[in-house]
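In what follows, a structure is listed as structure tokens, so that the remarks can point back to it.
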Amino acid sequence: MELKFQENFLWGAATSGPQTEGRFKKQHNNVFDYDFDNYQERFWGAIGPDTASNFFNDFREDIKLMKAAGLKSIRTSIQWSRLIDDLEKNTLNEKAVDFYNAIINEFIAQGIRPMINLNHFDLPVELLHRYGGWESRHVVDLYAGFAAKCFAEFSDRVIDWFTFNEPMVVVECGYLLGFHYPDIVDGKKAVQVAYHLQLASALAIEQYRKINQNPEGRIGIILNLTPAYPATEKIEDLKAAEMADLWQNRLFLDASVTGEFPEELVKILSKENVLWSAESADIKCIKENKIDLLGVNYYHPSRLQEPEYSSDSLAQDWRPDKYYAPYNKRGVRMNADKGWEIHPQTIYEIAKRIQEDYGNIPWFISENGMGVENEERFKNEEGQIQDDYRITFTIEHLYWLHKAIQEGSNCFGYHVWTPIDCWSWRNSYKNRYGLISLNVHTQVKTLKKSAYWYKNLTDSSLLQVPNSILEKYDEVLKN
Ligand code: BG6
């Protein structure tokens, strides 16, 4: 079967500054640079962000490859730790301005629309050490100043802006789970950080409305949405899923789209004495600075059941997951390398929810993809990676997205994660997601089979869905 996407559908891919550029000529260290300099052993293969995929030096060749892989748009990010010289006075580094101008211009010259994000977890580490990072109100203000500089320099050409990528990852990985520096485990701090990230997003949007130079310009946020499925219909499991949804999805989604935090969540946080501290003008600022468009990173749903311990037993040590326990559902499809469930039809549910509960705001899939370890094993004799699994994965997700669009979802695009295999935080190069492979030793970049497939798709906007996939989903739709 052949499915047609709308003519102007925005096909592309997503990446970020810190994951591609390398640390060449950078003024400041971000939290990951610092983490790597001090604790190399935390990083897969002890490989840090020093070179990444060398985009700082190779960007012209990389953009050519991206064009060959069919990209019509790209999302990447501007690094605060590169663009700004004096973090307090917010002075620009002219070489960094030249670099970002050069890449924006090159993307446009090659027919690839640049969509620019302002924070992909990469806080300058001095602001963490000096002020406590996102726990600090002052850092929120400095971020809004940095955002203003970006709009002033680049919004004449950049149409689509994003304030943050996955703010919940900053909260959970940095302040609850010990996965990212500063590795703090403290529920109350996590709540304050979440609040400050939302406020920072609103303050950046406020700046954008004053400074933007592009009549078509729009600004949004990128959220990782993980729809929460309860283990059973038991009230305890339903409640667990509801709390996970409030915390993981609705906190940033409601505040960004409707301008208000979910009332149920605020009640729970107040009752637990962990509600954020706020200033009186904040509510108005968040209410008045809603997003124009939403980016959704979708990789997997979350499966929840009631926690084993009673919610009071941990009253001294508040954590959101005192209300819910994630579990691995038996018999589901897994990406064993990454340990994530593969559940394409959840994309349809996300689309429906945005349509029904969030005013059908314009949105797109800003990341979706499949990370595979040791991908070299799929190389053919000509040295090309035969990543049929990635092609199937993408077809299945697009099948469900197309169905939602047919039913009126206001989805305008789809971005794979990621164009060229990129460095990824503490996982470094463990999981390869690219349409284009990277040899980290030689920096040679080669199109995978999926890149040729993607180019065919993005040139025609026609998705060929094999019968095997159709038959499988006919069954799902019947039930
Ligand atoms: C996304 C992030 O959630 O996951 C990316 O936005 C990240 O920055 C990607 O690289 C994949 O993560 P990992 O750890 O599997 O390489």
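Report, ordered by chain and residue number, the lysines lying within cross-link reach of Lys95, taken as a straight Cα distance under 28 Å and ignoring same-chain residues fewer than 8 apart. Cα-Cα hits under 28 Å: Lys25, Lys26, Lys64, Lys67, Lys72, Lys149, Lys210, Lys445. The Rg/Rh ratio for the range 223-342 is 1.01, where Rg is the radius of gyration of the alpha carbons and Rh is the Kirkwood radius. Among Leu246, Leu470, Leu251, the order by Cβ neighbours within 10 angstrom, fewest to most, reads Leu470, Leu246, Leu251.
Normalising the average separation of contacting C-alpha pairs (under 8 angstrom, six or more residues apart) by the number of residues puts the relative contact order of the range 2-478 at 19 percent. Grouping the Cα pair distances of the range 141-208 into 10 Å bins from zero gives a pair-distance distribution of 21, 41, 26, 11, 0 percent in increasing distance order.
Summarising the overall dimensions of the chain from its C-alpha atoms, the Rg and Dmax are 21.5, 65 angstrom. Modelled spin-label separation between Gln6 and Asp37, with each label point placed 7 Å from Cα along the Cα-to-Cβ direction: 4.7 nm. How much of the DSSP beta bridge set in the chain is antiparallel, as a percent to the nearest 5? So the antiparallel bridges in the chain amount to around 30 percent.
With a Cα-only, solvent-free Debye model of the range 68-198, what are the log10 I(q)/I(0) values at q = 0.15, 0.17 Å⁻¹? For the range 68-198 at q = 0.15, 0.17 Å⁻¹, log10 I(q)/I(0) is -0.75, -0.91.
How long are the semi-axes of the ellipsoid equivalent to the range 1-54, from square roots of 5 times the Cα gyration tensor eigenvalues, in whole Å, largest first?
Values: eigenvalues 254, 41, 15 Å².
Semi-axes from the Cα gyration tensor: 36, 14, 9 Å.
Rounded to the nearest whole Å³, what is the per residue volume of the convex hull around the Cα atoms of the range 190-254? Please list the in-between numbers first.
Numbers: hull volume 6.2 nm³, N = 65.
Here the figure is 96 Å³ per residue.
The helix-only estimate of mean residue ellipticity at 222 nm for the chain, built from DSSP H runs of length n ≥ 4 each weighted as -39500 (n - 2.57), is -12500 deg cm²/dmol after division by the residue total. Length gained on full extension, Lys25 to Glu260: 80.5 nm, using 0.36 nm per residue less the C-alpha separation. The modelled label-to-label distance for the pair Ala152/Ser280, using points 7 Å beyond Cα in the direction of Cβ, is 3.0 nm.
Read the figures in this text as sums done on the coordinates, not as results from a lab. Just so it is clear, the model here is predicted, and its values are computed rather than measured. Ideal geometry is used to build each Cβ from the backbone, glycine not excepted, and the neighbour counts take in all protein chains shown.
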